[in-house]
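Asks: Please find one structure pasted underneath; my questions will follow.
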Amino acid sequence: MNNEFLRWLNSDKLDEASKSRLNKIKDDETAIAERFAIPMSFGTAGLRSTMDVGISKMNVYTVGQTTQGLAELIISANGAERGVSVCYDSRNNSELFAKTAASVLTANGIKVYLFDGMRPTPELSFSILYYNCIAGINVTASHNPKEYNGYKVYWDDGAQLPPEHASVVSEKAAATDIFDGVKKMCLEEAKEKGLLVMIGEECDEAFLKAVLDCRLDAENTAKYGNEVGLAYTALHGTGYKLVPEALKRCGIDKLITIDSQMIPDGDFPTVASPNPENRECFEEAIKKIDELGVDCGAIIATDPDADRIGLAIKNDKGEFFALSGNQIGALLIDHIIKIRKKNNCLPENACAIKSVVSSNLFDAICEKNGVRHISVLTGFKYIGEKIKEWAADGSNTFIFGYEESQGYLSAGYARDKDAVGASVLAAEMVCRHYAEGRSVYEALQEIYREYGIFRESVLNVKITGIDPMGLMGEIMAGIRSTAIDTIGGMKVTAVRDYSTGIIKYACGQEKGTGLPTSNMLYYELEGGSAVIIRPSGTEPKIKAYILVRAESESDAEEKTSKCIESCNLLLNK
């Protein structure tokens, strides 16, 4: 039997409820292995897993052990007095895990700024800069299903922990006994000693001011915000308070809120998964709008930790559909550039950023408008790094950053994606198009006519087993060793292997990617299309991103279908 399982079962430090759960699986080797064979891996994205007992699960013991590792990093960086901002979302156990982290940090003599309730992830990032903290912790699993929770760590620039610090936390935590090596302090005692400071309203106001200071077209939003008809759903998450308040301060006081989804609830009772990428998340909103019989220009949805935004609009037949993350990104960057040009406030050194796996439509929009753009690896921390770098050297002025997974940021007040700010920006975009006599759908079609037809799809292949992360590595190694000449009937013109940092062209030439190493393969295809394959950083699945450039809608559909077929064959060997 697994020795670690027995150690937990026999420990007098394990709470009775957890012990009872272990007793129920003591004769089930598979269940034991799932919980105890391999510990959760702490990386730049922190921790993420289902909530349960064991070293591979999210629970107070694994959270405590990881926080002890973080505490040792902070102490070595002389950051105890600067402190750590701690935040959490609406998920089950999020508050418990956040307070566990605060208990461990204060026991190590580290000052903690603990939010007095759930808050959006971008406000946590903002608070690190606002209070000049050495680090930040956010307990969230973003848009994962209700069984999951997570633990994200940020450094003093407000972005997620860089790799060199993440490896230190991982090493220190692994060397810490999960029961006897974790220091803890009662939070009341921490308050009395001045180690725990509760924060809330003051930070909310400062954050909202930072968001609203970034508006580019306040006049049209105030004038048409109520007329165009905007709806909002928080999907039972942390956006329930600040998103409506931000929109109200923009002059939108007739916002249609979806009351059944405005109550924070970690069970997410009205959706299977609180992911605003899915049309299903908009069904409650569409139902309410139909019942009210009102016109609605757009429905805004935010995920549980309010760092991602979804947008549903009506097509030319009057039917609602959910925009993809890339379509939202195209609409927003197009809006930002055009309104900045109109207002004569587009900096000469303006620069926009997207992740490598995001649509090349973004590049086309920037290039035609004379705006510099760059691509970075997946993970918003890489966008945050550029914001920090440019703020320091003045080489570029950041105007927008996005990831296809529906994360957006238009200014440097935070260093992570922000659904509060993106909601304001989206409302502004909708109102501008309304003022100019077009719907958002019509605006999107104009973008395709002006810049070309681009279509994107993501294929997810779930990996199961005791060690899914190890299996994903094997699958990626197998693909890497396979010579691939065509995908979807299109010739491969170059292969970018980000694990080696080398681009190999079909003609035999080679050059560097210019980006940090990552376990990702990027296949450039003839005609400007591409396929990118990478393991997910937060879930046991391999993702294939299909980026198609086409001459027509039918051409786009055909190319996408053929690429999906090729990727399925490649990933399911």
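Asks: Return yes when Y88 is in contact with a strand residue (DSSP E or B) (Cβ under 7 Å, 6 or more places away or on another chain), buried (at least 24 other Cβ atoms within 10 Å of the Cβ), at pLDDT 95 or above and hydroxyl-bearing (S, T, Y) and no when it is not.
Replies: So Y88 passes the test.
Asks: On to the next question. Tell me the residue from A483, A556 that is part of a loop (DSSP other than H, G, I, E, B) and either touching a residue at least 24 places away in the same chain (Cβ under 8 Å) or exposed (fewer than 13 other Cβ atoms within 10 Å of the Cβ) (or both), please.
Replies: A483
Asks: Any chance the stretch 304-325 includes a residue that's touching a strand residue (DSSP E or B) at 6+ places or on another chain (Cβ under 9 Å), over 25 Å from L547 (Cα atoms) and outside the structural domain of F126 (by TED's automatic domain parsing)?
Replies: Yes: the stretch 304-325 contains one or more residues that are touching a strand residue (DSSP E or B) at 6+ places or on another chain (Cβ under 9 Å), over 25 Å from L547 (Cα atoms) and outside the structural domain of F126 (by TED's automatic domain parsing).
Asks: Shifting gears a bit: So the check is Cβ under 9 Å with 6+ separation or different chains; which pairs have a first residue in the stretch 562-573 that's touching a residue at least 60 places away in the same chain (Cβ under 8 Å) and a second one that's in a helix (DSSP H, G or I)?
Replies: Listed by first residue and then by second, the contacts come to L570/I479; L571/I475; L571/I479; K573/I475; K573/G478; K573/I479.
Asks: Condition first: part of a helix (DSSP H, G or I) and without any contact (Cβ under 8 Å) to a residue 40 or more places away in the chain. Now tell me which residues in the stretch 339-372 satisfy that.
Replies: K341, K342, D363, C366, E367
Asks: So, one more: With respect to the numbered conditions (1) in contact with a Phe, Trp or Tyr (Cβ under 9 Å, 6 or more places away or on another chain); (2) without any contact (Cβ under 8 Å) to a residue 40 or more places away in the chain, which one is the sole condition not fulfilled by G407?
Replies: Only one criterion is unmet by G407, namely (2).
Asks: Let me confirm something: among G537, G528, which residue is touching a Phe, Trp or Tyr at 6+ places or on another chain (Cβ under 9 Å) and not β-branched (V, I, T)?
Replies: G528
Asks: Here's something else I'd like to know. What are the residues in the stretch 45-87 that are charged (D, E, K, R) and within 18 Å of F5 (Cβ to Cβ), if any?
Replies: Listed by number, the residues that qualify are D52, K57.
Asks: On the given criteria, is I475 more than 18 Å from K543 (Cα to Cα) and either at pLDDT below 95 or in the same structural domain as C203 (by TED's automatic domain parsing) (or both)?
Replies: So I475 does not fit the description; no.
Asks: Tally up the residues in the stretch 72-92 that are more than 20 Å from the chain's Cα centre (by Cα) and in a loop (DSSP other than H, G, I, E, B), please.
Replies: Number of matching residues: 7.
Asks: Oh, and also: Is there a residue being surrounded by fewer than 17 Cβ atoms within 10 Å (Cβ to Cβ) and in a strand (DSSP E or B) anywhere in the stretch 516-536?
Replies: no
Asks: Quick one: how many residues across the stretch 486-515 are assigned to a loop (DSSP other than H, G, I, E, B), closer than 17 Å to I533 by Cβ and not aliphatic (A, V, I, L, M)?
Replies: Total meeting the criteria: 6.
Asks: Oh, and also: Among the residues of the stretch 267-309, how many are touching a Cys at 6+ places or on another chain (Cβ under 6 Å) and either surrounded by 24 or more Cβ atoms within 10 Å (Cβ to Cβ) or farther than 23 Å from M429 by Cβ (or both)?
Replies: Looking only at that region, the number is 2.
Asks: Test G181 against the stated conditions and say whether it is more than 30 Å from the chain's Cα centre (by Cα), outside any helix (DSSP H, G or I) and not basic (K, R).
Replies: yes
One line per residue, one yes/no per condition, for (1) in contact with a helix residue (DSSP H, G or I) (Cβ under 7 Å, 6 or more places away or on another chain); (2) at pLDDT 95 or above:
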site	(1), (2)
A222	no, yes
G225	yes, yes
G229	no, yes
E245	yes, yes
E277	yes, no
C281	no, yes
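Asks: Further question on the same structure: Can you spot a residue in the stretch 218-228 that is assigned to a loop (DSSP other than H, G, I, E, B) and not charged (D, E, K, R)?
Replies: Scanning the stretch 218-228, I find no residue that is assigned to a loop (DSSP other than H, G, I, E, B) and not charged (D, E, K, R), so the answer is no.
Asks: In addition: Got a sec? Which of I466, I374 is under 20 Å from L331 (Cα atoms), among the β-branched types (V, I, T) and surrounded by fewer than 20 Cβ atoms within 10 Å (Cβ to Cβ)?
Replies: I374
Asks: Counting only residues that are over 20 Å from G43 (Cα atoms) and out of contact with any Gly (no Cβ under 9 Å at 6 or more places or on another chain), how many does the stretch 459-490 have?
Replies: Residues flagged as over 20 Å from G43 (Cα atoms) and out of contact with any Gly (no Cβ under 9 Å at 6 or more places or on another chain) within the stretch 459-490 amount to 20.
Asks: Could you check the stretch 234-250 and list, in sequence order, the residues that are more than 18 Å from the chain's Cα centre (by Cα) and not in a helix (DSSP H, G or I)?
Replies: Answer for the stretch 234-250, where residues must be more than 18 Å from the chain's Cα centre (by Cα) and not in a helix (DSSP H, G or I): just C250.
Asks: Right, something else. Conditions first: (1) assigned to a loop (DSSP other than H, G, I, E, B); (2) surrounded by 20 or more Cβ atoms within 10 Å (Cβ to Cβ); (3) touching a strand residue (DSSP E or B) at 6+ places or on another chain (Cβ under 8 Å). A414 passes all but one, so which condition is the exception?
Replies: (3)
The values are calculated or read from the model by the stated rules, or taken from the named source; none is laboratory data. The shown structure was predicted, so the numbers you read here are calculated from the model rather than taken from an experiment. Using ideal geometry, Cβ is built from the backbone for each residue, glycine included, and neighbour counts are taken over all protein chains shown.
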